Amino acid sequence: MISLAGVVTASALLIALAGCAADAPVSVDSTPVAGGTLTYATGFGEPTCLDPHVGGNMPQALVGTNVLESLFSQDESGAIVPWLASGATVSEDGLTVDVALNEGISFTDGTPFDADAVVANITHMKDPNTASSTAILALGKVTSVEAVDPLTARFTLSEPDSALQESLAQTWLAMESPAGLARGMDANCEAPIGTGPFVFSEWVKQDHVTLTRNEAYNSAPAGAAHSGPAYLDTIEWRFIPDTATRFAALQSGQVDVIDEMQPDNVVAAASSDQFDVLTGALPGASIRLELNSGYAPFDDERVRKAFIASADVNPGIESLFFGTVDRSYSVLSTSTPYGASFEDDYAIDTDKANTLLDEAGWTSRDSDGTRMKDGERLVVDFPISTNQSIPAEQSLFEQIQATTKEVGFDVELHPLDLSSWYAALGSWDFDVTSAIYTKNSPDVLRILYHSDNIIPAPSGYHPNNAHVSIPELDALLTEAGETSDAAVREKDYAAAQKLLADGAYVLPLYDHLQKIGYSTTVQGLTLLPTLQIPYFGDTWVQG
Amino acid sequence: MTLLEPEVESDAGRPADGRRGHAGSGHGSARGRVLGVAQWVALGVIGVLLVAAVLPGLLAPGDPLAIDPAQAFLSPRWGHPFGTDESGRDIYTRVVHGAAPSLVIGVAATGIGIALALVLGLAAALGGRVVDFGVSRFLEVLFAFPGLLLALLVITVYGPGVVTSTIAVGLATAPGYARIIRSQARAVAGAPYVEAAVVLGRSRARILGRHILPNALLPVFVLVTLGIGQAIVWAAALSYLGLGAEPPTAEWGAMLFAGKNYLATAWWMTFFPGLAIVVAAAATTVLGRALQKRGAR
């Protein structure tokens, strides 16, 4: 029960940093101070395993990015830059990729980082026993990896993969110590070992994870302000699921940094001297409603179109989000290349919605005004993950419920904790849902809407929640994923998005923003562009 | 209010009149003194709540679910005396329409608790030593758990929802009532008038129905009035935790939960549903106290 967990966590003792709330704002050019503890409170929930190869979700990536590093990184423009790898050479046919590794990097347990380590990691991610969903999908075209020499790992592919380096840049495909992996899943889940500026030193379940500085750190990502060990001694990573409590903890000085802020709190923090807000559009899919087209009533395209034509989103985006987000008309986030916009396909037209429902046979209405067909009510089951949807978003869903009611839909909202929600999705026990999917490439469309991904990954999660199965779309997404010709990719992704809009499978709402609030005593905090995750290697806390 | 007061009065009066001499006290003259200003106010509040529960349209003709995003987060003003919430719904309308689910949960849960307690309590008091031992130990085990925890346990097993949370609160209150009924029934069973009835050859059913039950129930009846207030608070607590009414149902606990996200910017979203819970619980408690005093005299 997530609500119970919320109460427990909210009442858990929070360690305050001495005197940090009362400090006056400091200028940015002050010199870094080594030492100190930073307390981070996350609203994304507590991972069940700290190894992001297992499953592979946002909570794992957030806490893991400062411990586990990737072969590649991305710059602000989305271009691939070296990190643990120095570069990659792709063969003529696109089926062999040689990744050159940087020399002199070691995992924090002393194991050297080399080609054998890369092989061990890729093997671990592809092993069905690892129960990966994100990494295994990203590596779908990789058939094998071998160590050509200590500093070259050769990836052999079944088809060309234009998104391979982008995939490898994500924390879910981060490099972990082979000796750590060899300890077995349970031990590795407790404290995976990486090359990053921090080390997992303690995990008190339902309370906090402690990260301690890696004194031997020498692999800072491109764009970092300094190389060498981090300034902070420790990071205390706390779990406060309740948005209002999290912001109150920041305001009172109990924590220094929070994520997943409510829009009204963003406005309040941005206008205050004591707090600042860091935002970045998460790459991948926009926040959107997925209509389960595999089962009644949304297996009928007319019913889907009627739902979308009656779900009025814009007034809610304006009033609930205080101008912090813009409406999206695309399944791709604005920070993902090739995002199209189909504003006309999402226009509100209740007359059209009523006509479509009449045509689809939902002609009579019961005493509540809900449409009926053959004795069945037009009920739309909507499970909501209270971990993934902030309260403002849940209010937006209530408004969609109210506007679609006018044409005769009975939308039933069910707020669920993360595991119950995954269970509902896994058994296709829903008609509409909102699922976030972060991926730093337009190839996210293949993950989310290729018919192959109706079949669940080893973790049990099937990313194609809309149950989209269109051979023409599959062909476009496959071609776009294989070609290295930018013009072909652009044409294919545009056509794919048009197919999705025409078929009314998805209702895009707005971009998923990373909203990090922090006390102005915290200096040198940045977001790594790959997944817009906070990087603490350059961060220090003003005494 | 005027509509209800004779009914409540006669309810309170009837058991005393019907039990000539058995309880051993006369109440006739206490009537005027028991109902002070506070009690009259409590009666008035309960009257208003009952009207809100039965005919909410009379007090608030609007639709509690009607949204108007352009009117979101309005502070209390003319037209929206309690302000509006994040979707522009009128909070006054929602508080009025929220009376029915909140009161129904409170009353139904107490009813379930009393019914269960009657069975357990009477079985323990009149069922012989073995039954008494079994039931009493069982009640002691239940007592080891705080009531709300017991309710949470039931919800964890049977899933959230209005029906389960009502049953859960009812089950959680049952042990307390059962104990009181047991000791009261035991005391009454040993009373001279019951012995007299036995000597006169009355049937067991008649003794139970005419003599033991009414007298064992008198103190419980007073407790029920107090218990409804507690049940309302518990039901609201469960809805607040997301285990009762589902959004965006107009229910006080659920409204509190939705409002707490905006505590810093829109205090009225939590204040008014919170006030409704406090007032409803206080009114039933004040009335229960008055009845308790009256019974003790």
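Annotation: A:A268 fulfils all but one of (1) under 21 Å from A:Q532 (Cα atoms); (2) within 12 Å of chain B (Cβ to nearest Cβ); (3) not β-branched (V, I, T); the unmet one is (1).
Scanning for something touching a residue at least 60 places away in the same chain (Cβ under 8 Å) and within 14 Å of chain B (Cβ to nearest Cβ), does the range A:283-305 turn up at least one residue? No, because not a single residue in the range A:283-305 is touching a residue at least 60 places away in the same chain (Cβ under 8 Å) and within 14 Å of chain B (Cβ to nearest Cβ).
In the list B:G227, B:G259, which residue meets the criterion of being assigned to a helix (DSSP H, G or I), among the small types (G, A, S) and under 19 Å from the mean Cα position of the chain (by Cα)? Going through B:G227, B:G259 in turn, just one is assigned to a helix (DSSP H, G or I), among the small types (G, A, S) and under 19 Å from the mean Cα position of the chain (by Cα): B:G227. Within the set A:A115, A:A120, the sole residue that is in contact with a strand residue (DSSP E or B) (Cβ under 8 Å, 6 or more places away or on another chain) and within 28 Å of A:D186 (Cα to Cα) turns out to be A:A115. Of the residues in the range A:221-240, at least one is within 14 Å of chain B (Cβ to nearest Cβ) and in contact (Cβ under 8 Å) with a residue 40 or more places away in the chain.
Of all the numbered requirements in (1) touching a Gly at 6+ places or on another chain (Cβ under 9 Å); (2) within 30 Å of B:L241 (Cα to Cα); (3) in a loop (DSSP other than H, G, I, E, B), A:N265 misses one, and that requirement is (3). Within the range A:150-173, is even one residue among the aliphatic types (A, V, I, L, M), under 22 Å from the mean Cα position of the chain (by Cα) and farther than 22 Å from A:A79 by Cα? Within the range A:150-173, not a single residue is among the aliphatic types (A, V, I, L, M), under 22 Å from the mean Cα position of the chain (by Cα) and farther than 22 Å from A:A79 by Cα.
When you go through A:A309, A:A296, A:A269 one by one, which is the residue that is in contact with a helix residue (DSSP H, G or I) (Cβ under 6 Å, 6 or more places away or on another chain), among the hydrophobic types (A, V, I, L, M, F, W, C) and either in the same structural domain as A:V506 (by TED's automatic domain parsing) or over 30 Å from A:I455 (Cβ atoms) (or both)? Unique residue meeting the criteria: A:A309. Of all residues in the range A:405-421, those that are more than 13 Å from chain B (Cβ to nearest Cβ) have Cβ atoms under 8 Å from Cβ atoms of residues that are of a type in the set (K, R), 6 or more apart or on another chain, in A:V407/A:R371; A:G408/A:R365; A:G408/A:R371; A:F409/A:R371. Among the residues making up the range A:365-381, those that are within 18 Å of A:E406 (Cβ to Cβ), in contact with a helix residue (DSSP H, G or I) (Cβ under 9 Å, 6 or more places away or on another chain) and open to solvent by less than 60 Å² (accessible area, probe 1.4 Å) are A:G369, A:T370, A:R371, A:L378, A:V380. Every listed requirement among (1) within 14 Å of chain B (Cβ to nearest Cβ); (2) surrounded by 15 or more Cβ atoms within 10 Å (Cβ to Cβ); (3) at negative phi is met by A:E260 save one, (3). Among the residues making up the range A:444-470, those that are open to solvent by less than 10 Å² (accessible area, probe 1.4 Å) and part of a helix (DSSP H, G or I) are A:V444, A:L445, A:I447, A:L448, A:Y449. Comparison of B:G176, B:G201 shows that the only residue that is open to solvent by 40 Å² or more (accessible area, probe 1.4 Å), modelled with pLDDT of 85 or more and over 17 Å from B:G127 (Cα atoms) is B:G201.
Every condition in (1) crowded, with 21+ Cβ neighbours inside 10 Å; (2) over 18 Å from the mean Cα position of the chain (by Cα); (3) modelled with pLDDT of 90 or more holds for A:G481 except the one numbered (3). Of the residues screened, A:F44 is not one that is buried (at least 23 other Cβ atoms within 10 Å of the Cβ) and aromatic (F, W, Y). A Cβ distance below 8 Å, combined with a sequence gap of six or more or placement on separate chains, defines the contacts here; from the range B:64-80, residues that are within 11 Å of another protein chain (Cβ to nearest Cβ) reach residues that are of a type in the set (S, T, Y) and open to solvent by 40 Å² or more (accessible area, probe 1.4 Å) in the pairs B:F73/B:T265. Checking each residue of the range B:110-118 against the condition of being more than 14 Å from chain A (Cβ to nearest Cβ), surrounded by 21 or more Cβ atoms within 10 Å (Cβ to Cβ) and of a type in the set (A, V, I, L, M, F, W, C) gives at least one match.
The values are calculated or read from the model by the stated rules, or taken from the named source; none is laboratory data. Bear in mind that the values here come from a model prediction, so they are computed numbers and not experimental data. Don't worry about glycine lacking a Cβ; one is built from the backbone with ideal geometry, like all the others, and counts go over all protein chains shown. Surface areas here come from the heavy atoms of the whole protein model, side chains and all, with no ligands, DNA or RNA. Shrake-Rupley method; radii C 1.70, N 1.55, O 1.52, S 1.80 Å.
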